[in-house]
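Before any comments, here is the structure.
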Amino acid sequence: MYCNLPLALFTLPDASDLSLASTWRYVAHSALHGVRHGLLFFLIIYVIERYYKVRTIKYKSRNFLHDTCYWIYGRSDLSRILFTASLFKFLGSRLAFIEITFFRSLPVFARFFLYFIFADFLTYWLHRWQHSSRVLWAFHSMHHSQEQLTFATSMRTHPVDDFILTTLSFIPLMLLGQPVHLWLPVYIAMEFMIAILHSEIPWRFGPLYRVFVSPTFHSFHHSIRPEHHNQNFGRLLSIWDYLFGTAVPEQERPVAYGLPDCKMPTLVSQLCSPFLRLYEGIPKSIRGGNSGQVVAISAAAEEAFLNASNQKTDIP
């Protein structure tokens, strides 16, 4: 799981100038930076994976191509410019009266430490909510439908899931009075670390396995095996999973990922399936007179998605 705090607030000369932020030039500029960062991450992680003799054929698959699209979209800040940044601008002045200023009196290192601990603790519980709520899971399942993990899978997030998680993560941190410039170095470090966690690098971090999330620890969260589902929720700290009983006790990394009952082989299915699942969960008495036709269409669409999933996914 990846929490996309609004990078537009870090890079724009004036974060409140949304007219500048919404220009296509800025979007293209951000996307280009995303491509550069992605290439850098790819080179570093690819070399490490080759060193450990990890399978790299996945980088020639359609699955990786899809995740690359989400990477570029996420790094372009388009969704956060159009939706999240506007919401934060609206809420900022209205929630300022309950801002907690205690943290501003602490030394910089203490603020970094407390911000990191609080943000990770908050994300742990938000992540558990994403798995326990039928509505949130409908969108978050898109992230878990990936069957070939790569660093780019960290950005494989449905736009609705991205908006909800970013908003819920940001508001409490904003109330704590954390200035924007304090987030930037933490954000960059977390971005690279979360990318590594979605790779197949066989790192466990030795005795720190129970403290920090490693690629091996997070791989159980994406495992296709039912006994691994709804476990290992930690984003960067694994201590929460051990404290609250959601850590997988096994040592060997799983070899298969994804959701057996949720196939999303195309970009269209990844974006549309969550809405279809939510609709099918509504009682027929509420759907209305045309519910039968819509359900038939959704069933046909799901069948097409499943048929497509059985086709070869390697890019020619």
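Here, each number is a calculation from the coordinates, and none is a lab measurement. This structure is a prediction, so every number in the text was calculated from the model and none was measured. In this analysis, Cβ positions are derived from the backbone assuming ideal geometry, glycine residues included, and neighbour counts consider all displayed protein chains.
Among Ser169, Ser154, Ser105, Ser238, the ranking by other beta carbons within 10 Å of each residue's beta carbon, starting with the fewest, stands as Ser105, Ser169, Ser238, Ser154.
Taking θ as phi - 60° and the Karplus parameters 6.51, -1.76 and 1.60, the scalar couplings of the range 219-229 work out to 4, 5, 5, 9, 4, 7, 6, x, 5, 9, 5 Hz in sequence order, x denoting glycine and proline. The Cβ shell under 10 Å around Thr56 holds other residues with a net charge of +3, Lys and Arg each +1, Asp and Glu each -1. Amide H contacts for Leu237 (H built 1.01 Å from N in the peptide plane; partners 5 or more residues away or on another chain; cut-off under 5 Å): Val213.
Between Arg25 and Phe212, the distance separating the two model label sites (each 7 Å from Cα on the Cα→Cβ line) works out to 4.1 nm. The fewest-to-most ranking of Trp71, Trp129 by surrounding Cβ atoms within 10 Å reads Trp129, Trp71.
Model label points for Val47 and Leu65, set 7 angstrom from Cα along the Cα-to-Cβ axis, are 2.8 nm apart.
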